[in-house]
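Since the structure comes first, as structure tokens, the remarks are kept for the end.
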Amino acid sequence: MNLEEYKGVYVFAQQVDNEISSIAFELLGKAKDLAKDLNTDVTAVLIGSGVKGLADQLAEYGADKVIVVDDPELKDYRTEPYAHALASVINKYKPEIMLVGATAIGRDLGPRVSARVATGLTADCTVLEIGDFPLQAVPGQEQLHNQLLMTRPAFGGNTIATIACPYNRPQMATVRAGVMQKIAPIKGAKANVEEFNPGFTPDNKYVEILDIVKAVTNTVDIMDAKILVSGGRGVGSPENFKILEDLAEVLGGTVSCSRAVVDSGWKPKDLQVGQTGKTVRPNVYFAIGISGAIQHVAGMEESDIIVAINKDADAPIFDVADYGVVGDLNKIVPKLTEALKAEIAAAK
């Protein structure tokens, strides 16, 4: 493999029902940073049927070029045709870096494509940067520069691993939603579009879709919430979450939780914040009865304002909090809720 042939940072621009997923814009934002360090361009790969009209949106969020693979076989996501499409793009255009969102689609697509193009894949990354490998120079071993360093939680979030793919290209990663930031959209940007179709021949590997059933849920996506009231093991019981729900209701916020709460069966996984849950960036984050383990903090430390309430004055959560209250949450939270109610009523 001639590594010098591989150039550019590519992003799989996931779309569902001809609507680009938010993760694509997040990845383009990160791709711009990586491309700047490598003095190269950013290319989005848009796969689907009748999707060419979406290309300008990708340009608005940082794509220098958009490769469109458009075919009726790609109308709905199916593993085989999508893997064929993306692997064919990689084999033809030879990107140095290929980023895929760690969504249900991306987690299915990424490993299959990496196997087809004979490269490695680092899954569920939370940090991406350009640097040297090995990280520290080792006597007698060449230190390679301008490598993609891919960081991800390992062993259930109990440790952090930084991984490189120095001898194969492209360097591939799936990236967790919510950890990378979109750029401010460039209004009026027009995409430089290149159409490519490797040809599709349905065979017995092509799944036949008989019906699509869209699930309906009343659960709010905590990644979209502006105010989160998050509870940990210190809340004491599932019934005690009622006082957090009351506070969230007054603030117009959403309740979330730590991994310990999910493991105890008190709240569903969809509400979990942290390395093994969701990464959130609300305007205000209340950490109530949460000790502040590094795995949790990694999922909420980018919040604009962090308010911690904990009876343990030495809890690590106070190290990242903007405001901290030491005391019994069963007394503090109801009083805070009543005070806010009175303040809101007085302002009307």
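The values are calculated or read from the model by the stated rules, or taken from the named source; none is laboratory data. Because the structure is a prediction, the values reported are computed rather than measured. All Cβ positions, glycine included, derive from the backbone under ideal geometry; neighbour counts span all protein chains shown.
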Among (1) over 30 Å from residue 47 (Cα atoms); (2) surrounded by fewer than 16 Cβ atoms within 10 Å (Cβ to Cβ); (3) in contact (Cβ under 8 Å) with a residue 40 or more places away in the chain; (4) of a type in the set (Lys, Arg), which single condition is residue 242 missing?
(3)
Just name the residue that is farthest from residue 331 (Cα to Cα) out of those in segment 224-239 that are touching a residue at least 12 places away in the same chain (Cβ under 8 Å), out of contact with any Leu (no Cβ under 7 Å at 6 or more places or on another chain) and surrounded by fewer than 19 Cβ atoms within 10 Å (Cβ to Cβ).
226
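I need a count of the residues in segment 74-127 that are under 17 Å from residue 200 (Cβ atoms) and among the hydrophobic types (A, V, I, L, M, F, W, C).
Within segment 74-127, the first condition is being under 17 Å from residue 200 (Cβ atoms), and the residues that meet it are 74-92, 109, 112-113, 116.
Checking the rest, the ones that are also among the hydrophobic types (A, V, I, L, M, F, W, C) come to 74, 83, 85-87, 89-90, 109, 113.
Number of matching residues: 9.
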Any pair with Cβ under 6 angstrom, 6 or more apart, that starts in segment 285-304 at a residue that is closer than 21 Å to residue 181 by Cβ and assigned by TED's automatic domain parsing to the domain that holds residue 232 and ends at one that is part of a strand (DSSP E or B) and not hydroxyl-bearing (Ser, Thr, Tyr)
285/228; 285/306; 299/273; 300/273
Can you run down the residue pairs with Cβ atoms below 7 Å, 6 or more apart or on separate chains, where the first is in segment 14-32 and assigned by TED's automatic domain parsing to the domain that holds residue 101 and the partner is of a type in the set (Val, Ile, Thr) and assigned to a helix (DSSP H, G or I)?
14/23; 14/105
Among the residues listed as 45, 16, 11, 66, the single one being among the aliphatic types (A, V, I, L, M), touching a helix residue (DSSP H, G or I) at 6+ places or on another chain (Cβ under 8 Å) and at pLDDT below 95:
16
Go through segment 152-211 and give me each residue that's closer than 24 Å to residue 73 by Cβ, loosely packed, with under 11 Cβ neighbours inside 10 Å and of a type in the set (A, V, I, L, M, F, W, C).
209, 210
Selection from segment 95-115 of residues closer than 16 Å to residue 165 by Cα and surrounded by fewer than 19 Cβ atoms within 10 Å (Cβ to Cβ) yields 111, 115
Scan (1) charged (D, E, K, R); (2) within 22 Å of residue 226 (Cβ to Cβ); (3) exposed (fewer than 14 other Cβ atoms within 10 Å of the Cβ) for the single condition residue 302 breaks and write down its number.
(3)
For segment 162-179, which positions are within 20 Å of residue 113 (Cβ to Cβ), among the aliphatic types (A, V, I, L, M) and not in a strand (DSSP E or B)?
164, 177
Within the bounds of segment 307-320, is there any residue that is within 24 Å of the chain's Cα centre (by Cα) and closer than 26 Å to residue 103 by Cβ?
no
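Given the condition among the small types (Gly, Ala, Ser) and over 22 Å from residue 326 (Cα atoms), answer yes or no: does some residue in segment 228-251 qualify?
Here is the first cut: in segment 228-251, the ones among the small types (Gly, Ala, Ser) are 230-232, 234, 236-237, 248.
Still in the running and over 22 Å from residue 326 (Cα atoms): none.
For segment 228-251, residues among the small types (Gly, Ala, Ser) and over 22 Å from residue 326 (Cα atoms): absent.
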A careful count of residues in segment 184-213 that are closer than 16 Å to residue 44 by Cα and among the charged types (D, E, K, R) gives 3
